[in-house]
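Novice: Quick one: this structure, given as C-alpha cells, is what I'll be asking you about.
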Amino acid sequence: SAVLVWGFNFPLMKLMYLYFHPIPFNAVRFVIASITMLAILKLQKQDARIDRRDWGGILWLAFLGNTIYPFVFVLGLERTKAANAALLMALTPVFAFLIGVGRKRHTFSAGVHMGIVLSFSGAAAIVLFGRSELAFTNSWTGDLLMIAAAMCWAWQSVESTRLLPKYGPIQLTVFAMFVGTAKLVPLSIPWLVAQ
C-alpha cells in the first residue's frame, strides 16, 4: 500500500500545481501532516519528550528531511514530468547506501555492486527506451532538483538510523516533522501571501 500511495503522489501533486504554487501547497500539506502525526502519537500514548543530547540530531534531521527536501522536491516536480520524478526518487536507496559507505556504516559486496549497477541500468533503460511519459531533454532543472531531493531523503534516512532504536519511527517522524515544518512555513510566507 505504501508503494501505491507513493506512486499516486507524483501525478496528484502535478495536478494540484494547476491550481496552487508548489511552495504554499507544500507548506499547507506539511502543517496538516504535522497535526495528523501528532494525533497518531497521542492516540498511541507514546512519549513526546526528547533527550537534550539528541536535540542537535533531531534539528539536523528536520532541516534535511522536512525543510530542504520538501523545497527541492516540489520545485523539481514542478519542472519535470511525474514519471521522471518517480524514477529519479526510486534511486534513493542507492544514494542512501552510498552515503552509508561514505559514513563507514556499510561496506560494498558483489551483491551490492550488482544491485547498484542494475538500479542505474534500469533507470537508464527506461529513459532511453521508455514511453513518451519519460523525457529528459527539456527538464534538466527539474531532474537535477529531483536528484537533489533523492539525495536529501537518502541522507536523512541514513542519519535517522542512529535515533530510530531510541525513539521508534513514529516518535522520530513526529519530532522531525514538527521541527522541520516550523522552519518550512516561515520560509514559505512570501509564496503563501502571493497565493
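Novice: If you go through the stretch 140-180 one residue at a time, how many are over 28 Å from Q44 (Cβ atoms) and in contact with a Gly (Cβ under 6 Å, 6 or more places away or on another chain)?
Specialist: Going through the stretch 140-180 one residue at a time, the tally reaches 4.
Novice: Suppose we filter V158, V117, V112 for residues that are under 22 Å from the mean Cα position of the chain (by Cα) and at pLDDT below 90; which single one remains?
Specialist: V158
Novice: Kindly provide the set of residues from the stretch 83-118 that are part of a helix (DSSP H, G or I), more than 30 Å from K14 (Cβ to Cβ) and open to solvent by 30 Å² or more (accessible area, probe 1.4 Å), ordered by number. Spell out how you get there, then give the answer.
Specialist: To start, the set of residues in the stretch 83-118 that are part of a helix (DSSP H, G or I) comprises 83-89, 92-102, 110-118.
Keeping just the survivors that are more than 30 Å from K14 (Cβ to Cβ) gives 100-102, 110-114, 117.
Passing the criteria: V101, G102, A110, G111, V112, H113, M114, V117.
Novice: Here's something else I'd like to know. Taking the stretch 140-195 as the region of interest, how many residues are assigned to a helix (DSSP H, G or I) and either open to solvent by 50 Å² or more (accessible area, probe 1.4 Å) or in contact with a strand residue (DSSP E or B) (Cβ under 9 Å, 6 or more places away or on another chain) (or both)?
Specialist: 23
Novice: Using the structure shown, decide if G76 is touching a residue at least 12 places away in the same chain (Cβ under 8 Å), of a type outside the set (A, V, I, L, M, F, W, C) and over 18 Å from Y167 (Cβ atoms).
Specialist: Yes; evaluated as a whole, the condition is true for this residue.
Novice: Taking the stretch 26-45, which residues are in a helix (DSSP H, G or I) and either modelled with pLDDT of 90 or more or polar (S, T, N, Q) (or both)? Quick ask: steps written out before the conclusion?
Specialist: Taking the stretch 26-45 as the starting set, the residues that turn out to be in a helix (DSSP H, G or I) are 26-43.
Passing the criteria: N26, A27, V28, R29, F30, V31, I32, A33, S34, I35, T36.
Novice: So, one more: Would you confirm whether or not the stretch 34-49 contains a residue that is aliphatic (A, V, I, L, M) and open to solvent by 70 Å² or more (accessible area, probe 1.4 Å)?
Specialist: yes
Novice: Now for a separate question. Can you find even one residue in the stretch 44-60 that is farther than 29 Å from S139 by Cβ and of a type in the set (F, W, Y)?
Specialist: To start, the set of residues in the stretch 44-60 that are farther than 29 Å from S139 by Cβ comprises 44-60.
Restricting the remaining residues to those that are of a type in the set (F, W, Y) gives 55, 60.
Within the stretch 44-60, one or more residues are farther than 29 Å from S139 by Cβ and of a type in the set (F, W, Y).
Novice: Could you tell me which residue of the stretch 59-82 is surrounded by the fewest Cβ atoms within 10 Å (Cβ to Cβ), considering only residues that are out of contact with any Pro (no Cβ under 9 Å at 6 or more places or on another chain) and of a type in the set (A, V, I, L, M)?
Specialist: L59
Novice: Something else about it: Is there a residue in the stretch 77-84 that is out of contact with any Asp or Glu (no Cβ under 7 Å at 6 or more places or on another chain) and either modelled with pLDDT of 90 or more or of a type outside the set (A, V, I, L, M, F, W, C) (or both)?
Specialist: Among the residues of the stretch 77-84, at least one is out of contact with any Asp or Glu (no Cβ under 7 Å at 6 or more places or on another chain) and either modelled with pLDDT of 90 or more or of a type outside the set (A, V, I, L, M, F, W, C) (or both), which makes the answer yes.
The values are calculated or read from the model by the stated rules, or taken from the named source; none is laboratory data. The shown structure was predicted, so the numbers you read here are calculated from the model rather than taken from an experiment. FYI the Cβ positions are ideal-geometry reconstructions off the backbone, even for glycines, and counts take in every protein chain you see. Side chains included, ligands, DNA and RNA excluded: accessible areas come from the protein's heavy atoms. Shrake-Rupley method; radii C 1.70, N 1.55, O 1.52, S 1.80 Å.
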